[in-house]
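Asks: I have a structure here, written as structure tokens, and I will follow up with some questions on it.
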Amino acid sequence: MTSVLPLTDPAPPLTAQLSSPELAVIVPTFNEAGNVAELVSRIESALDGIAYELIFVDDNSPDGTAERIRDLSRDRPHVRCHQRIGRRGLSGAVIEGMMATTAPFAAVIDGDMQHDETRLRAMLDLLRSGAADVAVGSRYVDGGGTGNWSEDRRRASELATRLARRMTRLALSDPMSGFFMLRTDVLRARAPRLSTQGYKLLLDLLATPGEPLKVREIPYVFRARTRGESKMDSKVLIDFLELLLAKSLGRAVPVKFILFSMVGALGVVVHMVILSLAFQGLDLGFGAAQALATFVAMTVNFFINNVFTYHDRRLRGWKLLPGWLSFCAASAVGALANVGVAVYLFDSFGAVWWASALAGIVVGAAWNYAVTALYTWKS
Ligand code: GDD
Ligand code: MN
């Protein structure tokens, strides 16, 4: 006999009694064991009366963060722990958390209490009323702030913010914010095109093409971290540069980019000739020969780009000097990366000299194009 479900139940099952959440709060964590309990209780008081769920996305932290979260969630059905094994990446963690909810709205907030959870309610009000599709916690609008940051960190953040704003043309005071709330359908529509690496999910989201979004900013003061350590390191910076490059190259006038690449290809020839002369002919060390070749190729490239690629903005007379200097300054960073990559491949992996050099050139060239378009030949 097959069993048949009764047509009417005296009471709906427990799960059906719980209303589905209106808001999902996503907390990415890596080694935040000492912070999660306090964060949960702060969010509980901040969101009292709102139907929400709290989704932690932990990248298998060695300090046992995930276990702490599960302890907390045992008597809190609205708290979940999504533990990822063998993966790292802040953006990817946040995207996955947001994809795991059916709530119409989702927020992301850091797990170390540096973001002000009491601002979540104001963000939700903006989304509910339709006044915004994305509500961004901002340190750089009236009422916001960066607390007691060191001078260095403040200046680095300012520089990154300025670069990001110029390259993406976003009219947003804090595009680097890691604290924001948005409509989850917007996230789902753009998710396939987002980078899962790095810290700049918001920038990536807003710079990705799609329906025009209403973005509003809510001021907050960035707090000091009291427990655990920041995971921001040089790799995060490289990820950030990659993201900027991807976004700026994608928007560049194609003609200019093609021309710049052609000049670059010519530069490769110049580079290889000088390199083989210096390395094989003059018996210079590989690093020194590579550096010399880079410098010569850089200067030749500047002059050719000036009359060819940027003929419409050609620098003349005394303006050639600051132009050449800014080109060299920009290229110096590219050249450092170039020499670094090449020497690293050559020394550590025993790669052939010309392949090492080529790899260095590719890395340097991408950087050079993006930066000189902005600073050397600005329109
Ligand atoms: N799951 C996961 N995986 N979480 C991570 C990872 C990762 O690879 N890396 C960092 N996190 C978590 C941290 O545990 C923390 O909860 C949050 O992401 C932010 O990391 P921090 O290392 O504390 O970042 P921060 O304070 O230096 O940077 C903050 O400010 C920046 C602006 O200055 C963040 O809010 C950034 O998003 C923001 O851009
Ligand atoms: Mn932090």
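Asks: Taking amide H positions as placed in the peptide plane 1.01 Å from N, state which residues far from Thr29 in sequence (5 or more) or on other chains have amide H under 5 Å from it.
Replies: Answer set, sorted by chain and number: Val57, Asp58, Asp59.
Asks: Between Leu170, Leu47, Leu213, find the one with the highest GNM mean-square fluctuation for the chain; connect C-alpha pairs within less than 10 Å.
Replies: Of Leu170, Leu47, Leu213, the Gaussian network model singles out Leu213 as fluctuating most.
Asks: Please work out the C-alpha center-to-center distance from region 82-143 to region 285-345 and express it in whole Å.
Replies: Each part's Cα centre sits 42 Å from the other's.
Asks: Largest first, please: the extent of the C-alpha atoms of the chain along each principal axis, to the nearest Å.
Replies: Reported extents, whole Å, longest axis first: 90, 52, 44.
Asks: Here's something else I'd like to know. Report, to the nearest 10°, how far helix 151-168 tilts away from the longest principal axis of the Cα atoms in the chain, using its own Cα long axis and a range of 0 to 90°.
Replies: Tilt of helix 151-168: around 80 degrees.
Asks: Answer with one residue from Ala24, Leu321, Ile109: the one whose Cα lies farthest towards the positive end of the charge dipole of the chain, charges on Cβ with Lys, Arg +1 and Asp, Glu -1.
Replies: Checked the options; the winner is Leu321.
Asks: Also, quick follow-up: Please compute the length gained on full extension between Thr102 and Arg153, using 0.36 nm multiplied by the number of residues separating them and subtracting their Cα-Cα distance. Kindly include the intermediate steps, with their values, before the conclusion.
Replies: On the way: separation 51, 0.36 × 51 = 18.36 nm, distance 3.73 nm.
Full-extension gain reported as 14.6 nm.
Asks: Here are some pairs, Lys256/Lys319; Lys214/Lys256; Lys231/Lys378; which of them have Cα atoms lying more than 24 Å apart in this structure? Before the final figure, lay out the partial values.
Replies: Working: Lys256/Lys319 21 Å; Lys214/Lys256 32 Å; Lys231/Lys378 35 Å.
Violating the 24 Å Cα-Cα cut-off are Lys214/Lys256; Lys231/Lys378.
Asks: Positive end of the charge dipole of the chain (Lys, Arg +1 and Asp, Glu -1 on Cβ, about the Cα centre): tell me which of Phe180, Gly267, Gly210 has its Cα farthest that way.
Replies: Selected residue: Gly267.
Asks: Moving on to the next point. Give the residue list of trypsin sites (Lys or Arg not before Pro) in region 313-371 that are DSSP loop and have at most 11 other beta-carbon atoms within 10 angstrom.
Replies: Passing both the DSSP loop test and the Cβ count: Arg316.
Asks: Looking at the calculated P(r) for region 255-376, what percent of the C-alpha pair distances fall above 21 Å?
Replies: For region 255-376, the fraction of Cα-Cα distances above 21 Å is 35 percent.
Asks: Another one. What spacing in nm lies between the two simple spin-label points modelled at Ser230 and Asp312, each 7 Å away from Cα in the Cβ direction?
Replies: Between Ser230 and Asp312, the simple spin-label model gives 4.1 nm.
Asks: State, as an integer percentage, the relative contact order of the chain based on alpha-carbon contacts under 8 Å between residues 6 or more apart.
Replies: Details: 560 pairs, mean separation 52.2, N = 379.
About 14 percent, as a whole number.
Asks: Here is a further query. Using a Förster radius of 25 Å, what is the FRET efficiency between Val221 and Ser129 based on their Cβ-Cβ separation? Nearest 0.05, please. Don't skip to the end; give the middle numbers.
Replies: Numbers: r = 24 Å, r/R0 = 0.98.
Step by step, r from the Cβ atoms, then E = 0.55.
Asks: So if I place +1 on the C-beta of Lys and Arg and -1 on the C-beta of Asp and Glu, and nothing else carries charge, what would the dipole magnitude of the chain be about its Cα centre? I want it in debye, nearest 20. Please report the intermediate quantities before stating the final value.
Replies: Working: 40 positive and 36 negative charges, 296 e Å.
Taking the Cα centre of the chain as origin, the dipole is about 1420 debye.
Asks: Follow-up question, since we're still on this one. To the nearest 20 debye, what charge dipole does region 262-379 have about its Cα centre, counting +1 at the Cβ of each Lys and Arg and -1 at the Cβ of each Asp and Glu? All intermediate terms of the calculation are to be shown ahead of the outcome.
Replies: Details: 5 positive and 3 negative charges, 116 e Å.
Computed about the Cα centre, the dipole is about 560 debye.
Asks: Explain nothing, just compute: Karplus ³J(HN,Hα) = 6.51 cos²θ - 1.76 cosθ + 1.60, θ = phi - 60°, for every residue of region 277-287 in order, whole Hz, x for Gly and Pro.
Replies: In residue order, the calculated couplings are 4, 6, 6, 8, x, 8, 6, 5, x, 4, x Hz.
Asks: Which one, Ile55, Thr226, Thr309, projects farthest toward the positive side of the charge dipole computed for the chain from Cβ point charges (K/R +1, D/E -1)?
Replies: Thr309
Where a number appears in this text, it was derived from the coordinates with a stated rule and is not lab data. As the structure is a prediction and not an experimental result, all values here were calculated from the model. Positions of Cβ are generated from backbone atoms using ideal geometry, with glycine treated the same way; all protein chains shown enter the neighbour counts.
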